[in-house]
1. Solvent-accessible area of His41, probe 1.4 Å, all protein chains present, reported in Å² to the nearest ten, please.
2. Using only the alpha-carbon atoms, how far is helix 84-93 inclined from the longest principal axis of the chain? Give it as 0 to 90 degrees, nearest 10.
3. Calculate, for the chain, the solvent-accessible area per residue in square angstrom, rolling a 1.4 angstrom probe over the heavy atoms of the protein chains.
4. In a Gaussian network model over the chain where Cα atoms closer than 10 Å are linked, find which of Leu57, Leu141, Leu66 has the largest mean-square fluctuation.
5. Quick one: among Thr51, Thr68, Thr43, which has the greatest mean-square fluctuation in a GNM of the chain with alpha-carbon springs under 10 angstrom?
6. Could you tell me which of the pairs Lys21/Lys64; Lys13/Lys142; Lys17/Lys61; Lys21/Lys65; Lys21/Lys97 are separated by over 23 angstrom between their Cα atoms in the structure shown?
7. Of the candidates Phe145, Phe109, Phe100, which one comes out as most mobile in a Gaussian network treatment of the chain with C-alpha springs shorter than 10 Å?
8. What does the helix-only formula give at 222 nm for the chain: each DSSP H stretch with n ≥ 4 adding -39500 (n - 2.57), the total divided by the residues, and the result rounded to the nearest 500 deg cm²/dmol?
Amino acid sequence: MELNEKYMKEAIKEAKKAECKDEVPIGAIIVREGKIIARAHNTRQTKQISTHHAEILCIEKACKKLGTWRLEECELYVTLEPCPMCAGAIQQSRIKKVVFGAYDSKGGFFGSNFNINEVKGLNHYPEVEGGVMKEETSKLLKEFFKRKRERRISS
């Protein structure tokens, strides 16, 4: 199994934790030197805090674990293409590489809707690979929102 798939499966496990809490199923992990150093999933609904995206929480955990805001030797794996807020946090924390699953045509900031890496003059540009296990990660999101719509209709 390819490393990207191995780590994306771990991010999917986090996404499923979010889904169990009726959160949008997005999960993230951060890897450094081949070891997972942080894991997180969305808790925006549960905590009612708009910044509680999987990526932000994962970055915070990694910074705390390493004792630094610089995550230069780290790779972030996330089940959905990061939004503008998360793309900014990734850029600010100097994450070396971002690997994501599903593309986000409405809010993705690494190529789908906008590409932060094309903005000239920033002090950091992470390597980006999208579409890793995109069928599985897309299916998680589609099925979640389908169930949400069905519950609204039946209520």
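The values are calculated or read from the model by the stated rules, or taken from the named source; none is laboratory data. Quick caveat, the model's predicted, so the values are computed rather than measured. SASA here: full protein model, heavy atoms, side chains in, ligands and nucleic acids out. Shrake-Rupley method; radii C 1.70, N 1.55, O 1.52, S 1.80 Å.
1. Per-residue accessible area (His41): approximately 20 Å².
2. 30
3. 55
4. Leu66
5. Thr68
6. Long pairs (Cα-Cα over 23 Å): Lys21/Lys64; Lys21/Lys65; Lys21/Lys97.
7. In the Gaussian network model the winner is Phe145.
8. -13500 deg cm²/dmol
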